[in-house]
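Taken together, the values in this text are just the output of simple stated rules run on the coordinates, not laboratory data. If you're wondering where the values come from, they're calculated on a predicted model, not measured in any experiment. All Cβ positions, glycine included, derive from the backbone under ideal geometry; neighbour counts span all protein chains shown.
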Amino acid sequence: MFGGLALVLLVPVLVALGATTLLRASAAAPLEGAARKARRRSVAATVTTGLAGLAALVVWPVSGSVLDLRVATLPAVAALVVVLTSAVAELTWQRPSGARRVASLGARRGRSPAGLLRLFWIGAATTAGLLAAGALTAAPDGRSLERAWAAGGAGHGPYPGLHYTAPVALAAAVLALATLWALRRVELRPSLGPDLLPVDHAVRRASQVRVLRGAAAGMLLTAAGLGLTMGTAIVSVARTARANDIGATGPGYALMQAGGSALLGLAAALVVSAIVAACWPAPRIGAREAPTGALSGAEVP
């Protein structure tokens, strides 16, 4: 399993390195063409991260055994590849050179896409909550839901018990840490220069969106998968119990079935949110006002 993960993470990153290195090797454009060059690099990075994510979606499920775990971790692993590829693209931007350099006294960070970041943390919190609930309510085998009564019992799987908790939690945690690191790399990337503050601000914002689009969609789809499997299992067991056990006609199993239906509705809402995150628009790279607080340039020895 870990060998397959290494392959999934390595191949797209190598593709990203090759593509961004070719762009970096191109000659520096004059000032009037800098915005066009920055836009071209940003589009290339977006296309590369998209291809890397698609490669992970194809390779990860077929790169080894334990298919159920690979499917459960697929959204987080694909999003991790997208985030790491975006970070690699940030590392390949041309850095200032020469004995004397000019730097802006303004902050590089700019405004983060708050709505996209909020979706990411909603996905992370929902994933954590569903994993905890699944681990506490699953059958002893850690992969199904079982309920018993005097005349028999019912069970349904898969169900996110302990069998799934550790791999999915690890994938989600690594995705969260990689996302924070990639956003930090965006902030620390050298500025394009004080004469290109509007372009630099737009490029940096586009990079934040590129990182968070994949991260938020992956986290939300991970939570949606958990909600779908939990809701399906709960509804199935509750229906079987109410159909076969006279004592299960009371409010207990009815509430259980309603809770399962609510989880299915939550899963649908998470899928819609993931689509919104994946289609989140990036700012147009072109002539814009400089970000608030950007002052005149200063020479850096």
Other-chain or far-sequence residues with amide H under 5 Å of Ser144's (modelled H): Ala139, Tyr159, Gly161
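Using r as the Cβ-Cβ distance of Val43 and Ala148, and R0 as 51 Å, what FRET efficiency do you calculate, to the nearest 0.05? It would help to have the intermediate numbers written out before the result.
Working: r = 58 Å, r/R0 = 1.14.
After rounding to 0.05, the efficiency reads 0.30.
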Given charges at Cβ of Lys, Arg, Asp, Glu: segment 124-241 dipole, positive-most of Val199, His163, Gly225: Val199
Distance between modelled label sites at Val71 and Ala268, nm, 7 Å Cα→Cβ extension: 2.1
Segment Leu188-Ala114, extension gain: residue separation times 0.36 nm, minus the distance between their alpha carbons: 24.7 nm
In Hz, Karplus ³J(HN,Hα) per residue of segment 224-237 (6.51, -1.76, 1.60; θ = phi - 60°; x = Gly, Pro): 4, x, 5, x, 5, 5, 5, x, 4, 5, 5, 5, 5, 5
Extension gain from Arg284 to Leu170, taking 0.36 nm per residue of separation minus the Cα-Cα distance: 37.5 nm
